[in-house]
Amino acid sequence: MNKAITDGIVFMPPAFAADNLGQFARGDGTPGSATYNGLPTAAFVPADADFAGCLEVQKTDSTQKLRYMGQTPIFPGCYLRVSVRIKAMAGSLANVRIAGWPGDAGENQVGGVTMTGPETTLTSYGEVVEVSAIVGTGSRGGVDMAWGPTATYGHFGIDLTGASGGVVRIDDIVIEDITEAFLRDMINVVDVRDFGAVGNGSTNDSAAFEAADAAANGRKIFVPAGTYRLNDSVEINNRIEFEGKLSMPDGAILSLTKDFELPTYIDAFGGDEELALKKAIQSLMNNSDHESLDLGGRRISIHGPIDVQAAVPNRTTYAQRRVLRNGQLRAEENAAWDEETVTSQATYSTSNQWKLTNVVNIANIKEGSLVKGAGVGREIYVRSVDVGAGEVNLSQPLSDAIGTQNYTFTRFKYLLDFSGFDRLNVFEIEGVEFQCNERANGVMLAPLGTINVIRNCVFNRPAKRGITSPGDGCQGMLIDHCQFISHEGGVYAQDREGVAINTNANDVKIRNCRASQFRHFAVISGAHTIISGNHFFQGDASPTGIRTAGIIIAIRACNCQITGNYIDNCFVEWTNEREPEPDFSGGFGFAGLSITNNVMLSSEVASWFTSIVVKPYGTGHHINGMNVSGNTFRCVNAGIDRVERVDTSYANLNFANMKNVYFSGNTYHNITSGAENPLLVKHSQNSAAQVWDVDTDNRLPFGGRALEIESLVVRSRPRDENNVSKYHNPYAVGQQGSDLDKVHVLWPEPMLGDVTLKVRMDK
C-alpha cells in the first residue's frame, strides 16, 4: 500500500530554491509563521559538493526550527518517513532532529502527542548526516511520532538544538510513504517467504512453515502464490491463509490446529477436494487438538472410493472418539466405482465354519467382498484374506455349504471405506449426505470395532448398499435419524438388490431412520439389537405383488427388540441361516424376539402375505420366547389370511415343543385370522353332545397346535338333551382334529350350553 502511487497523494515538499524560501517557516509552519525568505542568516546554495541545491542556515535561536508550510496529509493506517541530510559547515556543532506540528480537521494543534524524533549530534564539519523519523496515526513498533486518529495533516521539517552560532547546510526535506514496512503488522500476517519458503514445488519448505508458525505469535500466516512442498509432517498453531497450494507425501501430516475445517484444507491443496478430505481425516486421527472435522457444509466431489486407512497410513487401529460432520460426499462418474467380481472354487467345513479353505485364485479376492453361492446366507462378506494359507475368513458362518463348490465374490465400492483398519472404535459420522448417484455405495465399516455412530446422515441412491459391516466393526453401533433412499423404486420388490444396513455383532441400535424401497432395510446377525422408531417401505406398483423382508433376523437366539416402527409393505423374517448344520440339536431354539407397538401396513398384496415370517433352515426347531403385542396390522386395497406364518421352504417348526409365545393386544384390519396366544375361544353347543368339538378358527399363531388349555369357564346353564340342568364338571383335551388345533370339551353325558376357553399353542 502506497498512497503516493495508488491515490496520487503528494507528500513530498518542494526542493529548496531561491524563489521558494517563503514556503519554509522558522516556526511551526502554520499560517502567519515567519519564513526563511530574505532572512540574513539564511541563503539558498545552488551548488554544493554533496547536495544539488540546499539551504544554508546559521543557528541563532536556542531551538532553530525549519518547517514546510504546506499541509502534508495524514491518513489512518498510513505511515510516513521524514528524512533530511545535513552537514555542519562552521562554528558550533549543533544537534538535529526531525520535528513536526500536528493539525486536526479544524486546523488546530493536536495535543498530547510526540512532535519530535530522535536527536543526532553533528560531530564534524563537512560530514553528511541523515536524520529521519516515522510518523503515523498508530502507535506501532518503529513509529517515532504517533499522532493518533485526530491528526489529519502535519507541517514537517527539522529542529536544530544545542549551541548557537554554527552554520549548517540542509538538503531537501524528503517525505515518503513507507506503510508497506508496517503492512504485515497492520494486517496481522506472517509471510512464509520471509522465513525461507521457496514455493517452487520441489524444495522442502517444511522448516520455513514451522519457523513462520513459531514467529506468528497469534498473527495469521500467509502462503502466497506458488506450490510449497512439505516433505515432513507440519503442525500449524496459528491461523493460516492459502493463496498458494501445498504438496505432501501421503504419510506426511498437515495439522492446522486453528483452522481445522475442510474448506481450509481444500484451499491448502489447491482446490483438490478429495486430497484435502484425506489429509484432513489424516490429521483428525493424528492430533488431539480436535475431536471433529467439519466439512463446512461443502459438497465434495469424489471420483473413487476413499480408503480411509490408506489416507492414515500410520494407523491400523484407532480407539479415540472422532467425528466427521456437516457436508455432502458426491460420487462423480468414474470407472473406479465399478464392482469387482471374482469366481473361485473353495471348500467349506463345519469344523472350520468361519473360513473357506483351498481357495483358488485367492489373490484376486478383495477383502470386504460379498460372498454368494449355494448354502450362503444373505449378507456374508469376506472379513480378511490369507493368501499364503489359501483361506478366506468370513463375516458369518454359511448355512448349508459343506464341501467344495464355486463361489462368487463381489466387491462393492464405497464413498468411505474403513475396512483397511484392523480395528476402529467410537468413530462418528454426523450430518453427512452420501450422494451415491447409483454408482457408489455408502460406508463400509472396519472388520472390528465398538460403539461407532452414524447419525443424521442421508444415503442417497446407493448402488447396492448403504452401511455394510464385513465383520464385527458394528459391535454396539448406533444408527440414528438416518435416511436411506433407493434408486430401485420403479423395480419390482423381488428384483431389487439394495440393502440399507447389515450388522454382524451384538448390541446394535437402529433408531428413527427412514428407508424407501430397498430389497431389505436391515439384515441383522447379532444379538441384543434394538430397532425402534423407523419407517421403511418396500412396496411396488404390481397388483397382488410380492413383498420382501424389511428386517431379517438371521440368528435364532437373537434377544432382539423391534418396537415402534412403521413397517410398510414388507415383513420381519426370522431365520437360522448362520448355522452350518441347521437341524436343531440343542439350545433355546428360536428365542428372544419381541415385536411390539409397530404399525404394519400392507397394500395390494396377495392373500398369503404375512408381516411376520419364521424360516427354519433345518428340522426340529421351535420357538422359545416370542412376544408380539400392541401392534396394528392393516391391509388396504386387499385382504390377507393372517399376519404370521412359517416359511417351510426348508423345514417346518416343531409345534409340539413351542414355548413362551405371546400374541396379545394387537389390532387386525382386513385380516381373516387375527392370531392370539393365549387365545380366548367362545363356544356354544346347540345340539346335545358328550364331546364338544371346539375350533380355534385358525387363530393360534403360526397355525400352531392347541397344546395347553389355561382355563375352561361354563358361561350358561349346562343342561341335558331334555333341558334339565346338570351341574357336571367338564374337562378339556387339546391337540384334537387333523391339524391338532382343536379342543374337545368332555362331559359325562350329552349336554348343551356355552363355554369359554383360554387356549395356548405353547407350553
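The combined condition, being surrounded by fewer than 23 Cβ atoms within 10 Å (Cβ to Cβ), among the charged types (D, E, K, R) and assigned to a strand (DSSP E or B), is fulfilled by Glu573. Does Phe484 satisfy being farther than 24 Å from Val371 by Cα, aromatic (Phe, Trp, Tyr) and out of contact with any helix residue (DSSP H, G or I) (no Cβ under 6 Å at 6 or more places or on another chain)? In short, no. Applying the set (1) under 30 Å from Asn237 (Cα atoms); (2) in the same structural domain as Thr120 (by TED's automatic domain parsing) to Gly136 leaves exactly one unmet item: (1). Looking across the range 702-716, the residues that are under 26 Å from Asn652 (Cβ atoms) and either surrounded by 13 or more Cβ atoms within 10 Å (Cβ to Cβ) or of a type in the set (A, V, I, L, M, F, W, C) (or both) come down to Phe702, Gly703, Gly704, Arg705, Ala706, Leu707, Glu708, Ile709. Scoring Arg140 on the criteria (1) farther than 17 Å from Pro13 by Cβ; (2) modelled with pLDDT of 95 or more leaves a single failure, condition (2). Annotation note: Cβ proximity below 7 Å between a residue of the range 634-655 that is within 10 Å of Tyr617 (Cα to Cα) and a residue that is hydroxyl-bearing (Ser, Thr, Tyr) (sequence gap 6+ or interchain) occurs for Tyr650/Tyr617; Ala651/Thr619. Thr341 falls short on exactly one of the conditions (1) of a type in the set (Ser, Thr, Tyr); (2) touching a Gly at 6+ places or on another chain (Cβ under 8 Å); (3) surrounded by fewer than 17 Cβ atoms within 10 Å (Cβ to Cβ), and that condition is (2). Determine, yes or no, whether Thr114 is in contact (Cβ under 8 Å) with a residue 12 or more places away in the chain, β-branched (Val, Ile, Thr) and part of a loop (DSSP other than H, G, I, E, B). Yes; evaluated as a whole, the condition is true for this residue. Does the range 691-701 contain at least one residue that is over 30 Å from Val605 (Cβ atoms), touching a strand residue (DSSP E or B) at 6+ places or on another chain (Cβ under 9 Å) and surrounded by 17 or more Cβ atoms within 10 Å (Cβ to Cβ)? Yes: the range 691-701 contains one or more residues that are over 30 Å from Val605 (Cβ atoms), touching a strand residue (DSSP E or B) at 6+ places or on another chain (Cβ under 9 Å) and surrounded by 17 or more Cβ atoms within 10 Å (Cβ to Cβ). Checked against the criterion of being under 18 Å from Gln64 (Cα atoms), β-branched (Val, Ile, Thr) and within 60 Å of the chain's Cα centre (by Cα), the candidates Val129, Val82 yield just one match: Val82.
To keep it simple, each residue is scored yes or no on (1) of a type in the set (Gly, Ala, Ser); (2) part of a strand (DSSP E or B).
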| site | (1), (2) |
| --- | --- |
| Phe609 | no, no |
| Val613 | no, yes |
| Gly618 | yes, no |
| His621 | no, no |
| Asn624 | no, yes |
| Val628 | no, yes |
| Arg645 | no, yes |
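Scanning the range 23-61 for residues that are without any contact (Cβ under 8 Å) to a residue 24 or more places away in the chain and outside any loop (DSSP other than H, G, I, E, B) yields Ala42, Ala43. Taking the range 522-551 as the range and being under 24 Å from the mean Cα position of the chain (by Cα) and surrounded by fewer than 24 Cβ atoms within 10 Å (Cβ to Cβ) as the test, the residues that pass are Ile530, Ser532, Gly533, His535.
Just checking, does the range 318-325 include any residue being over 16 Å from the mean Cα position of the chain (by Cα) and either assigned by TED's automatic domain parsing to the domain that holds Ile253 or in contact (Cβ under 8 Å) with a residue 12 or more places away in the chain (or both)? Within the range 318-325, one or more residues are over 16 Å from the mean Cα position of the chain (by Cα) and either assigned by TED's automatic domain parsing to the domain that holds Ile253 or in contact (Cβ under 8 Å) with a residue 12 or more places away in the chain (or both). Quick check: anything in the range 296-314 touching a residue at least 40 places away in the same chain (Cβ under 8 Å) and more than 27 Å from Glu438 (Cα to Cα)? Yes, some residue in the range 296-314 is touching a residue at least 40 places away in the same chain (Cβ under 8 Å) and more than 27 Å from Glu438 (Cα to Cα). Residues in the range 630-646: is at least one more than 16 Å from Ser673 (Cβ to Cβ), within 38 Å of the chain's Cα centre (by Cα) and at pLDDT 95 or above? Yes, the conditions are met somewhere in the range 630-646. The residues in the range 587-607 that are under 22 Å from Gly704 (Cβ atoms) and in a loop (DSSP other than H, G, I, E, B) can be counted, and the count is 5.
Among the residues making up the range 371-390, those that are free of Cβ contacts under 8 Å to residues at least 60 places away in the same chain and either within 16 Å of Asn502 (Cα to Cα) or surrounded by fewer than 20 Cβ atoms within 10 Å (Cβ to Cβ) (or both) are Val371, Lys372, Gly373, Ala374, Gly375, Val376, Ile380, Asp386, Val387, Gly388, Ala389, Gly390. When Asp289, Asp259, Asp267 are screened for being acidic (Asp, Glu), part of a loop (DSSP other than H, G, I, E, B) and surrounded by 15 or more Cβ atoms within 10 Å (Cβ to Cβ), only Asp259 passes.
Would you mind stating whether His744 is surrounded by fewer than 22 Cβ atoms within 10 Å (Cβ to Cβ), under 30 Å from Asn654 (Cβ atoms) and not assigned by TED's automatic domain parsing to the domain that holds Asn652? Yes, satisfied.
Those strands (runs of 3 or more DSSP E) of the range 362-478 in which at least 2 residues are not aliphatic (A, V, I, L, M), considering only elements entirely within it, cover 382-386, 391-394, 403-411, 414-417, 427-435, 441-444, 448-450, 458-460, 465-468, 472-475. Evaluate the following for Thr632: is it within 22 Å of Phe537 (Cβ to Cβ), surrounded by fewer than 16 Cβ atoms within 10 Å (Cβ to Cβ) and assigned by TED's automatic domain parsing to the domain that holds Ile553? Judged against the criteria, Thr632 is a match. Residues in the range 138-158 that are in contact with a strand residue (DSSP E or B) (Cβ under 7 Å, 6 or more places away or on another chain), of a type in the set (S, T, N, Q) and in contact (Cβ under 8 Å) with a residue 12 or more places away in the chain: Thr152 alone. Output the residue which, of all residues in the range 180-204 that are within 16 Å of Glu241 (Cβ to Cβ) and part of a loop (DSSP other than H, G, I, E, B), is modelled with the highest pLDDT. Only one residue fits best here, namely Gly199.
The values are calculated or read from the model by the stated rules, or taken from the named source; none is laboratory data. Every value quoted in this text rests on a predicted model; they were computed, and no experiment measured them. Here the Cβ is made from the backbone with ideal geometry for all residues, glycine too, and neighbour counts use every protein chain on show.
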